[in-house]
Each structure stands twice: as C-alpha cells, then as structure tokens.
1. Can you go through Leu352, Leu328, Leu371 and tell me which one is under 28 Å from the mean Cα position of the chain (by Cα) and at pLDDT 95 or above?
2. Among the residues of the range 441-462, write down those that are under 15 Å from Ile534 (Cα atoms), of a type outside the set (D, E, K, R) and not in a strand (DSSP E or B).
3. Does Leu556 satisfy being touching a Lys or Arg at 6+ places or on another chain (Cβ under 8 Å), in the same structural domain as Tyr687 (by TED's automatic domain parsing), surrounded by fewer than 22 Cβ atoms within 10 Å (Cβ to Cβ) and within 24 Å of Ser666 (Cβ to Cβ)?
4. Give the residues of the range 465-475 that are in a loop (DSSP other than H, G, I, E, B) and modelled with pLDDT of 95 or more, sorted by residue number.
5. Just a yes or no: is a residue in the range 37-48 out of contact with any Lys or Arg (no Cβ under 7 Å at 6 or more places or on another chain), surrounded by fewer than 12 Cβ atoms within 10 Å (Cβ to Cβ) and either at pLDDT 85 or above or not assigned by TED's automatic domain parsing to the domain that holds Thr108 (or both)?
6. Any residue in the range 519-533 that's within 19 Å of Thr619 (Cα to Cα) and in a loop (DSSP other than H, G, I, E, B): show its pairings with residues that are charged (D, E, K, R) and at pLDDT 95 or above at Cβ separation under 7 Å, as long as the two are six or more apart or on different chains.
7. Out of the range 150-181, which residues are within 14 Å of Thr219 (Cα to Cα) and in contact with a helix residue (DSSP H, G or I) (Cβ under 9 Å, 6 or more places away or on another chain)?
8. Provide a single number: the residues in the range 129-151 that are under 30 Å from Arg600 (Cβ atoms) and surrounded by 22 or more Cβ atoms within 10 Å (Cβ to Cβ).
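The values are calculated or read from the model by the stated rules, or taken from the named source; none is laboratory data. Note that the coordinates shown come from a computational prediction; the quantities given were computed from them, not determined experimentally. A quick note on method: Cβ atoms are made from the backbone with ideal geometry, for glycine too, and the neighbour counts reach across all protein chains shown.
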Amino acid sequence: MKQLFATFAFSLFFFVNAGLSAQTKQLSEDEIWNQKIQITDPVFSVTRWDNNNVYLSSVDMRDGNRKNISVNLKTGKTSEIENSSSRAEQKNEFREIIKTIENAVNPTVSPDSLYIAFTRENDLYTFRIADKKETRLTFDGSDVILNGYASWVYMEEILGRRGNYRAFWWSPDSKHIAFFRADDSEVPLFTITDSPTQNGYVETLRYPKPGNPIPQVKTGIVKADGGDIVWASIDEKGNNYFGLPYWRPDGKALWLQWLNRGQDNYKIFEIDMISGASRELYNETQSTWISIDYEPRIRFLESGKGFILTSDKSGWNHLYLHDMNGKLIAPITSGDYTVSNVLGIDEKANTLYFTSSKDNFGHEDFYKINLNGKNLQRLSFGDYTHRISLSNDYKYFVTTYSNVKTPRIVELYTTKGKRIATIQNTKNENFDLYEKPQTDYVVLKSDDGLFNLPMRVTYPINMEKDKTYPVKIYVYGGPGNAVVRSDWADNFSGDNYKFAQDGLIQVVMDHRGSGQNGKIGQNQMHRNLGYWEIKDYSQCVEWLVANKQANAEKILITGFSYGGYITIYALTYGADVFTHGIAGGSVTDWSLYDATYTERFMDTPEENPEGYKSSSVLTHADKLQGKLMLTHGLLDENVHAQNTFQLISLMQELNKTFELMIYPESRHGYRGKKNEHSRKIDREFIYRMMNEE
C-alpha cells in the first residue's frame, strides 16, 4: 500500500511566518482559483552533470513552459540554454521501433541498445533491432502463468507501481535476462463489478488476502537469443517471496533476495548462471518484520570488492559494508538516526555520501563518511531540509533548501564546503505584497517520552485572540510513511489559502511509527495497526486545543487509502477526540486487504486473531458519534469497495448516520471530473463543519 492523494501544483500557497504590514493584501477568489498570482517562482532542479557544468530545468505548472539553464562549476556563471535534443531523438527512435512490435508490453531496451525485451500474453520475448528478429523465450504463459509479468501483489507491494508489472531485468552485458515466473493458479479470484453498460461490467483479479495462498514464484535466467532456461534452485512452491534481483556488475551471476511468508527472515542468494545452484550470502532475522520493498537495498562497489547493504536491524536504517562472499567488513553508519538515501560512493577517496535527519529531526541533511565508519561530516547547513544532487566526480553538489518559513533556495557548493553560486531564490517580487498564513513546525514528545511527534500547523490569517477555530488534519499513517517535513511545499491546492482566509487551522501530523523515529518506532505497531497512530494523533490534538486555539468540538481528520482507514478508526475508536472525518478508498478490516502488506505487520488472522479484531473499524463502528463521509471507487482493485460496503452495512444495522459517495468507473484514486467532484464535496463538508453552531 502506497500513499495516494490528489494535489494541484500551486506554488503560491504554502505557508510562512511572516510579519504582515499594512500594505499587504489578501488574494481574491479569482486569483486563488485561477492561479493568477504567484509569490514564488518554479524551482530549478538538476537534470544532469558534466565535467564543466551542471544543467537544471524548471517548469511553470500554469502553462507548461520549461526553462533550461547551465551553471559553470568553476565560476558559477549561469547561462540559459535550448533543450538538448540528442537524448530525446534517441528515445524517439526507440519509440518508433517499438511501434512495429505487435502487442509489446513493457518494452525495455538492453544496455547495449541492440535488443528490446518485452512480454506478450504473459510470455517473454526479445526483438533484435539490427535484423528485426523476434525470439520467444518462454512458452507456457497463460492467465495464471506469468513470465516476466508481475502478479498483482508483487507489483503493488514488492516491485512497485513504477515498474508497471515488469518482472524481467537485463544483465549489464546485455547477454542474459533474469525474470520471474509467477504461478497464480492457487491465488483466489476477486470479482469487481461496475455498471457503465446495459448488462454491467465484471472483471476478476488474482488477489491474495491474509491467510490465502500467495503466488508461487521462481526465477529464470535465459540468453537474449533464447535457449534453455536456467532456473534458480530455490523451491518456488515454498511459502515465500522474492525481492528485486540484482545482477552482479560483471554479469556473471544473479543475486536474489528471499523473504519467508512471515516476512521476518531475509536472505540473499547468489545464483550460478550455468546450473542455477544457489549460495547463501546473507541471512537476517527480526522479531517484527523486514520490508523487502525497500530499494536499492544492495549497492555494489565499482571495484568488485564488496557491496553495501541497507538494513534496519539495529532499530535504525543503516549501511553495512560486506565482501562479495557476504562477510561483514564494517558498519558504515550507526547510531539513533536513519539513513534516508545514498547519493554516491567514491571508492578512491574511501568516502560515501548520504542524506539523513541525524542532527535535525524532521529535516534532511547531507553527510559524508569513510567506508570504515569514521570521519562523519555534515556537508549541509542551517535549520533546513536539503534536497541534494551530487556531481558524478563527487566534487560538487547542488542543494535546494527550505523550511516552513523560507521558500526554496538553490545553490552550488563544493563537497569541501565552498559556495560557488546562488542559482535561484524562488521568492519573487510578489512575495511581500500578499498576506500569508503563519505556519509552524512543531515537535511534541509522546506521552511515554520515547518518541518525537512532528506537526506542520498552518493558522488562519488574522487570528483573533481568545477565539477558537475549527481544525482540519491530513494524515496517512501506517508503518514507515512520514508526511511531515520542515520544508517549503509547492504542491498544494488553492483550498489551503482559502481555508486560511476563512478561519481554519490546517495540520499535517505523523506518529511514532511513521519512520522518522526509526524502525524502533515502527516496531511498536507490530500486530496492532491503528492503536498507536490514534494515541499519538490524539495527543497532538489535545496539545492544539490547549495551546493553539483549536476548537475541540470541530476536529476534522481526513485521508485516503491507509489514511482513510485511520480517519474512520479515529471517528470510531478515537471518537472522544475526533468529531468529523472524510475517508476515501479506505481499508475497514485488515482481513480484506492484500496478504503481502497486511501480514508484514499483522501476521495471519490465524496467528493474530485479537490483533485483527482490535484493529478493525468494524469492531468499533458502534462508537461512531461524529459526522463521517465515505468515498470509494467502484473499480478499486487495490482497496476493494467491499471494505466500505461492509462498513456501511454494519452501520445501517447499528442505525448510524453517515454520508456516502461512490465513484463508478474509478480506481484507487479518482481522476478527471470525478476528482474535481470529490474535491468539491470534501470542501463542502469542511465548510459545513466550520459553520456549525
């Protein structure tokens, strides 16, 4: 399950704590909704580096206009440039070739640009560009046998949506392809219906729910021109999962990630290219769970002398250096902080570059450290969140930094700490002309004193002393999903500014298990989803009531997907604190969601019956006393509409009042006019709450 919520790019309306002078004015409704005024410019982001320059681009979301610049690494001189066409022309050339391949799914060009691999009707093929020869590599594809095409739950929970169901991977030398073969025959069929035609519409999906059989997957290796398939000698009928495979850089072996059904034992195997024999390189267990969807987990050293593994086994996400046989050489990072991303490994200088919130909770900083774990150094500065792009030679970096008070600034530095140039300050000439709602970044200590609970709070414009204001809280929730940063956000709708004009306190908040408190915080949620989120969110609300003029009778919470689940749980289990809710695409009982995601945190219903019962919205539906609006897409193949239907059936039996909006022909997340309608009814619900006597 991933975060999903609709936004409009609208850089005008995020929030600063600025002193308001008599000359400032508020935006009109026409200026708000038609985006006629912007107080910050579109931010430049890095597109590529070369030995002399860094290239950046920005896009004005109002008209789609793109600007491209280059900045000289020595002098800092900025030049405007035309779009580079060579790379685009090459992509267009491949697109034209792909058009000639009938019914090609996920066409992927080989590293040497000589082949295109693709799937068709769940079999794997290659297309040799020089002579247009098509070669079929597998021959048993069907509606339940998927070669190189991911089973739904693998796409959603392991390989990721961006892969678009692709489950094959070229070797770096372009000689072989590794692929998953999934057998879905034992996975239960789920039926989805809709009503766009006279006779209705029906589709089915192989979707494992907690305790159901999961796809049986095995990994094959085949030559680009076809031939016998070498199968990895790991039992595909075992109750387990396989993560994203990694080709060894020399292309002579495949590394395969393995995870047991309980998702608490993780292994890495090296697969022999000739025999398929497996050799165990790494074995990790945890008492709660291990997330196999975290990528990249393995990073090979260019020298071929080892690899760096990412693991949260210590309770915090850290980096560990191993030799190529899996032996631990040294922990690279350690301590009570999480490494969020590795940006570069300079073997010649024995240095690794990474980002983390080590010194600044809720922010993001840039660091370097020796591969032996010594000489940790912060390269970024100030009380900001830094978005970093590092040059290919590790000598320069561009930082885009901001916080809730400071619009984004883009600067070029050397990794030795010298500032070369300020490329952009996004604050423009309109910034000081218009009133802006004050925003604070707040961090509370949890009731038990163990964890930080961050909030971003935006207050109404021109708040009156001794007056209380209604509150709207956006949440996502779930283990490892943080939504709060102290940065300047561009992707918000005009609603935010209008709500601030009309007297609404707007809050985004995280809980102890959101990821910012490390795996230690997440572990508390094991076998007990919902409980700690509501406990921590309730504490944040109580603080807002006590300290920030929040009206305890008008506390609205809203979210989509997992956020929809938390919203309904707050209106039922947490009904003493939360009074209004808007929940979209919601899980209502964890036995109804997919096995891979749910069992990761909850184990199976047979193993954890009390946890499933206490975490279910259905268990607490009788406690509903506030005002709740539910929405769901009828074609939602991710969180099935049965979640909402089972809840409303129960609430009808309990004689509970609620609002409901179903979106026919809509999936997990509404598009086009359906999205506009959803935003409209959300807005109307919020204003009804605000205007209640």
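1. The match here is Leu352.
2. Ser446, Phe451
3. No, not satisfied.
4. Passing the criteria: Lys467, Thr468, Val475.
5. no
6. If the second residue must be charged (D, E, K, R) and at pLDDT 95 or above, the pairs left are Arg527/Asp603.
7. Ala150, Tyr154, Arg166, Ala167, Phe180
8. Number of matching residues: 6.
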